[in-house]
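Single-structure report; data block below.
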Amino acid sequence: IKCVGVLTSGGDAPGMNAAIRAVVRGSIYNNLRVIGIKKGYQGLINDEMEEMFSKSVSNIIQTGGTILKSARSMEFKTKEGRKKAYENLQKRGIDALVVIGGDGTFTGARIFGEEFNIPIVGIPGTIDNDLYGTDYTIGYDTALNTVVQAVDKIRDTATAHSRLFFIEVMGRDAGFLALRSGIASGAEAILVPEIKTDYSQLDRFLQNEYRKTKSSSIVLVAEGDEIGGAIKIAERVGRDHPEYDVRVTILGHIQRGGSPSAFDRVVASQLGVAAVSALLDGQRNIMVGLSDRKVVHTPFNQALKNKKSLNPQLLELTNILSI
Ligand code: F6P
């Protein structure tokens, strides 16, 4: 391998810049050239790329977003799109790729890598933390802290008015963010897509615990919850209990921005360098991740096929701590 291409794709996550920096510097350290590809796979198709140097990644470890920009490319899902992308790789002399993103990014990488026999290594970057093969994804810790800070603020006003708040956090198919931030912010209940929402249980909780204390109550809802998110649940509870003062807050994209936490910066630095080492060791079609704080490699096939499960001990904690 002589030249590595690097891109970020899918939903951005705080810490992606720290990962880009580590890939660029890890490559240069190993005497490889490195080319930054703009707007994910779309930039590969449109030939939007430029060579990166150590200086290109100065002063970015602390910034949110991604200097390479991101996109969800529909064209890359087509054979013609991927052919164009491959031709541009050849033209530029790029012989390996590092892709930073989530499951959509790795699905594209797996197909592209197999189709054209290109070594590709993935780095998990998503606030959802929903990738099998790694304990943490880049951006998850920062998003957690953003959610906790927001919930703390909402609790002040909730308590002042003795209100019941339903707060929706991101996570289309995964409740990692909701569960962990819910525990950290002392939420009275947490609704996640992985577990069927038992409305009668929620109702019992509201009748007993909430009615008893009435100082305030916070229910954290992952956007992928099967009742259909915080608005739907709040409507139902409001209908069944007109005596409660119910409010809804949807935290939205605030969760994707901001300066990355120290934890995310370190994880991103470790995984960025590990991705380059993996390519140099002849690895391909794998994701680098962290398991028990050590770098591990998981084939894309496995990372995509398996579903990471929520920690049952954390789930149990909510029941114990919300009495
Ligand atoms: O995958 C990251 C994520 O933030 C999800 O939690 C959320 O459902 C989705 O992206 C939102 O995507 P978009 O920014 O395209 O609306």
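Values in this text are rule-based calculations from the coordinates and carry no lab data. Since the model is a prediction, treat every value here as computed from it, not as a measurement. Heads up, the Cβs are rebuilt from the backbone with ideal geometry, glycines too, and the neighbour counts pull from every protein chain shown.
Evaluating 6.51 cos²θ - 1.76 cosθ + 1.60 at θ = phi - 60° for every residue in segment 54-60, the Karplus couplings come out as 3, 5, 4, 10, 5, 6, 10 Hz, glycine and proline recorded as x.
Relative to the longest principal axis of the Cα atoms of the chain, the long axis of helix 79-92 lies at roughly 50 degrees. The alpha carbons of segment 1-50 give a radius of gyration and a Dmax of 11.1, 31 Å, in that order.
Shown here is the pair-distance distribution of segment 56-176: with all Cα-Cα distances grouped in 5 Å bins from zero up to the longest one, the shares run 2, 8, 15, 16, 16, 13, 10, 7, 5, 3, 2, 2, 0 percent. Computing Rg and the Kirkwood Rh from the Cα coordinates of segment 255-316 gives a ratio, Rg/Rh, of 1.04. So what's the angle, to the nearest 10 degrees on a 0 to 90 scale, between helix 140-161 and the longest Cα principal axis of the chain? Relative to the chain, helix 140-161 is tipped by roughly 20 degrees. Each listed q (0.16, 0.17, 0.20, 0.23 Å⁻¹) maps to a log10 I(q)/I(0) for segment 129-209 from the Debye sum over equal C-alpha point scatterers, namely -0.67, -0.75, -0.98, -1.19.
To one decimal place, what Kirkwood hydrodynamic radius in Å is obtained for segment 184-323 from all pairs of distinct Cα atoms?
Details: mean 1/r = 0.0540 Å⁻¹.
Computed over segment 184-323, the radius equals 18.5 Å.
Just checking the listed ones, Ser217, Ser58, Ser277: in the Gaussian network model of the chain with Cα springs under 10 Å, the one fluctuating most is Ser58. Put simply, the amide H of Glu168, placed in the peptide plane, has neighbours under 5 Å in Val221, Thr249, Ile250, Leu251, leaving out anything fewer than 5 places away on its chain. GNM on the chain, alpha-carbon springs under 10 angstrom: the most fluctuating residue among Pro299, Pro242, Pro193 is Pro242.
Sorting 20-28, 288-296 by average packing, meaning the other beta carbons within 10 Å per residue, from highest down gives 20-28, 288-296. Its Cα gyration tensor gives segment 99-147 an equivalent ellipsoid. The semi-axes, each the square root of 5 times an eigenvalue, are 25, 8, 8 Å from largest down. 3J(HN,Hα) along segment 286-293: 10, 10, 8, x, 10, 10, 6, 6 Hz, from the Karplus curve 6.51 cos²θ - 1.76 cosθ + 1.60 with θ = phi - 60°, whole Hz, x for Gly and Pro. The angle between the Cα long axis of helix 229-240 and the longest principal axis of the Cα atoms of the chain comes to about 10 degrees, rounded to the nearest 10. The Rg/Rh ratio for segment 107-259, using Cα coordinates for both the radius of gyration and the Kirkwood hydrodynamic radius, is 1.08.
When the Cα atoms of segment 36-94 are aligned to their principal axes, the ranges along those axes come out at 38, 24, 11 Å in descending order.
What number, in nm² with one decimal, is the all-direction average of the projected area of the convex hull of the alpha-carbon atoms of the chain? Before the final figure, lay out the partial values.
Working: hull surface 64.9 nm².
Projected area, direction-averaged: 16.2 nm².
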